[in-house]
Amino acid sequence: MARIFGIDLGTTNSLIAAMEDGAPRVIAVGGNHSALLPSVVAIAPDGAITVGECAIEMEPHLTVERDGRVSAIGFAGGQYGAVIRSVKRYMGLGGDEIAPEDRARYTFADLSGSVVRFQIGKRVLTPSQISAEILRALKDGAERALRAAGKDEKVERVVITVPAYFNDGQRQATKDAGRLAGLEVVRLVNEPTAASLAYGLNKRATGNVAVFDFGGGTFDISILSVKEGIFEVLATNGDTHLGGDDIDRVIVDWLLAELPDALKLDRHVWNSARMAAENAKKRLSDVAETPVAVDLLGHSIRKHLTRDALEKMAEPFLARALKRCELAVADAQLTPADIDAVVLVGGSTRMPLVRQRVAAMFHKEPLCSIDPDQVVALGAAVQASVLMGTQGDMLLLDVVPLSLGIETMGGVMERLIHRNTTIPTSVAEGFTTAVDNQTHVDIHVLQGERELAKDCRSLARFKLGPIQPQPAGVPRIEVTFLIDANGILNVNARDERTGREHSVDVKPSYGLTDDEIERMLEEAIDLGEQDLEERLLISYRNDAEQILGALRKQLGEFGALVDVGERGRMDEVVERLEAARTGTDRELIAKLVEELNEVTTPFAERIMDAAIKLALEKKSVEELS
Amino acid sequence: MIECPSCGRRQQPLLICADCGSPLAATLDCFAALGMPRKLTIDLGALERRYHELSRMIHPDRFASSVARVRDASLRATATLTRSYRTLRDPVARGLYWLELNGEKLAENNKRVPPELAELVFEVQEQLAGMHDAPADSDAACELAAQVVARRSQLQATMDASRAELERNFVKWDQRPDEKMLTLELKAILSSIAYLRTLIRDVDRALENSKAA
Ligand SMILES: Nc1ncnc2c1ncn2[C@@H]1O[C@H](COP(=O)(O)OP(=O)(O)O)[C@@H](O)[C@H]1O
Ligand SMILES: [Mg+2]
């Protein structure tokens with residue numbers, strides 16, 4: 001039987017692992033023999049996709065050339081192609097749930113839909129499709145590594161880990177990503193639980209374990225009871241939008257404090273600052289003080305960051321995480337003193353402050369003997385071997401992180417399955433009609449802990465029926481809400497009188513429908529079969545259109561920065577490109593785009609320079625007054 | 001009777017096929033699902049061992065590569081098992097379930113105040129109203145909040161006492177399960193626990209709101 005692989009589809013980094021001679025091992029998928037694949041996806045204007053280290057190089061940023069000049073490079077977003085990082089933050093979100101700061105960072109297609117859609121060139125991609133590219137890169141990388149080791153093995157069946165606190169929509173979106181990558185997702189496993197499996201494999205431990213998982217984008221805390229190979233989750237809590245990314249953002253704000261907002265949000269400037277900030281943060285896990293620098297055009301920002309200052313910035317985020325820990329311990333009906341071992345997972349637990357605070361909370365030195373970057377993937381491989389039946393009597397009993405219920409009269413949420421209930425679990429609820437001859441009953445399923453439906457997250461809506469016309473209250477329909485071992489809801493309805501199964505057409509409030517996924521799969525195939533030549537021509541034409549459009553706009557706004565001779569050269573190339581654009585000579589279009597780029601570069605740099613000077617002047621005027 | 005999706009044998013409803021050991025999606029009461037005697041007193045250690053043992057046999061992780069029919073049976077059987085375990089593990093949930101099995105039920109939304117709690121409930125409500133009306137951040141509001149916190153511990157202590165009484169009585173009731181009087185007693189204690197639980201939740205919510213304000 002085909003092996004099942006374990007995948008940690010992380011916000012920052014992704015890994016793939018498998019059992020090898022009874023022990024879980026990560027597979028080196030990176031070019032440099034690294035197991036970590038940065039979860040960064042670059043999509044070129046022509047639709048070409050790159051994942052990992054190489055994609056990072058295409059992120060818009062400022063770079064200092066050999067001659068000392070600073071230039072802006074990378075895919076600037078939208079029509080110029082884009083580089084998407086931390087796509088996991090967008091999994092399962094609706095368009096209306098996108099934060100304003102995200103809108104400055106990426107270009108989105110219409111934000112009214114039930115799914116976030118990134119607009120990149122002519123392509124519109126959902127987070128599941130982008131995650132599918134990461135999964136595909138892991139699959140290809142692993143198959144290549146296996147071939148190099150003399151094994152002709154395909155990666156087809158996988159376990160994928162998700163944050164324990166992921167809701168139904170986020171889990172579904174992850175499963176969809178697997179399907180879009182052509183993988184069979186045998187099981188979704190919660191990341192902290194996976195980590196506990198990795199630790200539990202060699203030491204047949206018994207006792208209560210707390211797993212503290214603080215990564216780039218998400219935070220999870222899970223409390224488990226381990227006994228004779230049974231890993232039973234007692235409670236879990238977390239925040240799917242809390243992690244090292246948030247700390248980086250605060251450092252960036254401090255670093256760019258003197259710049260005006262318009263410049264701070266410039267994708268080149270912001271990304272350069274983000275890289276500098278993250279690197280400084282990581283260095284401060286080892287040293288007490290570090291310089292931080294960002295080179296802008298003609299100016300550079302040079303500051304010093306101390307560990308003390310960083311810890312003050314990180315404190316509010318850590319406090320939020322620790323509050324979640326308290327709640328989880330209480331939900332497990334334990335006190336911190338009942339916890340026998342604390343496991344640290346995730347890159348952000350390398351911060352000394354995090355270690356100290358976790359140790360203080362549980363009165364115990366936390367365990368971190370397994371690389372916190374790898375432990376989740378290793379645990380996923382262990383769970384994969386449990387699923388293959390090669391792990392003896394080891395068994396994982398996980399819980400649902402959020403309560404599930406339905407909207408009742410007056411907009412109140414009636415809880416049917418409480419959070420921290422062991423899964424799989426099901427509950428049956430009887431429904432009837434409210435008025436005579438009613439033929440349908442509308443049901444609104446919710447997830448969350450708040451009292452009112454409007455404060456919970458809408459999960460799905462469905463209509464029961466058609467129901468035979470009868471007096472009010474006579475029909476009896478039993479609806480079974482079943483949460484499977486992946487933490488995903490399934491709904492079934494049965495007429496209690498006739499015993500007949502009702503078909504339930506559940507419309508998810510967020511996320512993709514089956515039809516949409518089918519269409520995406522078909523599109524992917526179509527795209528592959530479309531004539532390559534034609535596709536290239538279209539993408540070159542798009543390039544031309546973009547650069548011409550952008551130049552027109554810049555000349556409108558900053559025309560004063562161009563001298564007559566320069567303008568003449570530009571106009572001449574523009575004219576030739578306009579003509580070539582309607583033809584079919586792809587090479588000619590490419591050559592002219594290149595040429596136009598060249599003649600306009602000094603102009604572009606002057607615009608950037610002027611903008612920064614203006615901003616800094618404004619700042620100093622403000623300071624004087 | 002139920003048919004095993006693996007070997008096809010028809011048999012009494014259980015969670016595991018008597019012939020081939022495959023999971024069966026039978027509809028069972030909580031005691032039967034776990035093979036425990038239908039009693040209010042339960043050996044929690046034995047209950048957990050039984051739960052783990054059955055989970056090892058029927059959990060979907062054991063059937064990841066089986067045909068859809070068997071996977072589905074495993075999913076449903078395990079859902080029944082975990083729900084049953086949760087119900088029996090908690091004395092209050094177990095008591096309520098036992099009443100239900102005996103055709104009794106607590107009043108749907110439990111509006112009636114149990115007589116022995118009347119005075120306490122009145123005082124709590126008075127305090128909550130006071131806290132709600134006091135101007136935010138005023139000394140009076142702080143004072144009232146402190147009183148409500150003290151009241152909460154009192155409510156919790158009353159609830160703990162009721163739970164302890166419930167478990168003490170389980171033994172007695174198990175010996176004479178058919179006496180109507182005993183059912184009434186059980187019902188009375190469970191109502192007051194349910195009532196206290198709602199009250200504590202209201203208090204927590206009020207405290208939360210006053211903190212947010
Ligand atoms: N030495 C370090 N000190 C502080 N933070 C670190 C260090 N190394 C990595 N990180 C942070 O850890 C996060 C990534 O952790 P990871 O566990 O890979 O996240 P995820 O699971 O969300 O992909 C990033 O925010 C990164 O900046
Ligand atoms: Mg992680």
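The values are calculated or read from the model by the stated rules, or taken from the named source; none is laboratory data. All values reported here derive from a predicted model rather than from experimental measurement. All Cβ positions, even for glycine, are placed from backbone atoms using ideal geometry, and neighbour counts span all protein chains on display. Ligands, DNA and RNA are stripped out before the accessible areas are found, and what is left, the full protein with its side chains, is counted by its heavy atoms. Shrake-Rupley method; radii C 1.70, N 1.55, O 1.52, S 1.80 Å.
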With all protein chains modelled, accessible area of A:Leu138 [1.4 Å, Å²]: 0
Counting DSSP beta bridges with both ends in chain A, the antiparallel % (nearest 5): 80
Positions from the range A:219-234 whose accessible area shrinks by 40 Å² or more when the full protein complex is built, not the chain alone, probe 1.4 Å: A:Lys227, A:Ile230, A:Glu232
Accessible-area composition of the range A:274-348, carbon plus sulfur, in percent [1.4 Å probe]: 52
Within 10 Å of each Cβ in B:80-86, the average number of Cβ atoms from other chains: 4
Positive-end extreme of charge dipole, the protein assembly as shown - chosen from A:Val354, A:Ala72, B:Leu182 (charges on Cβ): B:Leu182
Probe 1.4 Å, protein heavy atoms only - accessible area per residue of the range B:2-89 in square angstrom: 44
Mean shadow area of the range B:115-212 over all directions, Cα convex hull, nm²: 6.5
Links that overshoot a 29 Å alpha carbon limit, given the list A:Lys88/A:Lys463; A:Lys139/A:Lys507; A:Lys88/A:Lys312: A:Lys88/A:Lys463; A:Lys139/A:Lys507
Once the Cα gyration tensor of the range B:2-89 is diagonalised, semi-axes √(5λ) in Å: 23, 14, 10
Cβ-based charge dipole, chain A, positive-most Cα from A:Leu255, A:Val329, A:Leu15: A:Val329
Accessible-area composition of chain B, carbon plus sulfur, in percent [1.4 Å probe]: 52
For the range A:87-219, fraction of C-alpha pairs farther apart than 24 Å, in %: 43
Heavy-atom accessible surface of the range A:374-501: percent carbon and sulfur, 1.4 Å: 48
At least 50 Å² of accessible area lost relative to the chain alone, listed for the range A:460-487 with a 1.4 Å probe: A:Leu482
In the range A:432-523, trypsin sites (Lys or Arg not before Pro) in a DSSP loop with at most 16 other beta-carbon atoms within 10 Å: A:Arg450, A:Arg476, A:Arg497, A:Arg500
Charge dipole magnitude, Cβ of K and R +1, D and E -1 - the range B:115-212, Cα centre, debye nearest 20: 420
Accessible area buried, both sides summed, chains A and B with 1.4 Å probe, Å²: 2200
Rg followed by Dmax, in Å, when the range A:406-453 is reduced to its Cα trace: 12.9, 40
Counted charge near B:Arg168, where neighbours are those whose Cβ lies closer than 14 Å (Asp, Glu -1; Lys, Arg +1): -3
Nearest-20 debye value, chain A charge dipole, Cβ charges on Lys, Arg, Asp, Glu: 1020
Candidate residues A:Thr161, A:Thr206, A:Thr306: accessible-area rank, largest first, probe 1.4 Å: A:Thr206, A:Thr306, A:Thr161
Per residue value of the accessible surface for the range B:115-212 (all protein chains in place, 1.4 Å probe), Å²: 59
Cysteines in chain B that, by Cβ-Cβ distance, have no pairing candidate under 4.7 Å: B:Cys30, B:Cys142
Approximate shape of the range A:1-122 as ellipsoid semi-axes (Cα gyration tensor, √5λ), whole Å, largest first: 30, 23, 12
Rel. contact order, % - alpha carbon contacts under 8 angstrom, at least six apart, chain A: 13
Helix-derived mean residue ellipticity, 222 nm - over chain B, DSSP H n ≥ 4, -39500 (n - 2.57), to 500: -22500 deg cm²/dmol
3J(HN,Hα) from dihedral phi, the range A:120-128, Karplus parametrisation 6.51/-1.76/1.60, rounded to Hz, x for glycine, proline: 9, x, 8, 8, 10, 10, 8, x, 5
Student exercise, the range A:402-513 dipole from Lys, Arg, Asp, Glu Cβ charges, in Debye to nearest 20: 140
Computed [θ] at 222 nm, helices only, for chain A once each DSSP H run of length n ≥ 4 contributes -39500 (n - 2.57): -12500 deg cm²/dmol
Reach of A:Lys591 by Cα under 12 Å, taken over aspartates and glutamates that are not fewer than 8 positions away in the same chain: A:Asp543
In Hz, Karplus ³J(HN,Hα) per residue of the range B:185-192 (6.51, -1.76, 1.60; θ = phi - 60°; x = Gly, Pro): 4, 4, 4, 4, 5, 5, 5, 5
B:Asp72 accessible area, assembled protein chains, probe 1.4 Å, Å²: 70
Heavy-atom accessible area per residue - the range A:116-231, 1.4 Å, Å²: 29
Pairwise Lys count, chain B - Cα closer than 24 Å, eight or more residues apart or different chains: 11
Most mobile listed residue (B:Gly95, B:Gly35, B:Gly103) in chain B, GNM with C-alpha springs under 10 Å: B:Gly103
DSSP-assigned coil residues among trypsin sites (Lys or Arg not before Pro) in the range B:90-153, each with at most 15 further Cβ atoms within 10 Å: B:Lys105, B:Lys111, B:Arg112
All Cα pairs of the protein assembly as shown, percent lying beyond 44 Å: 38
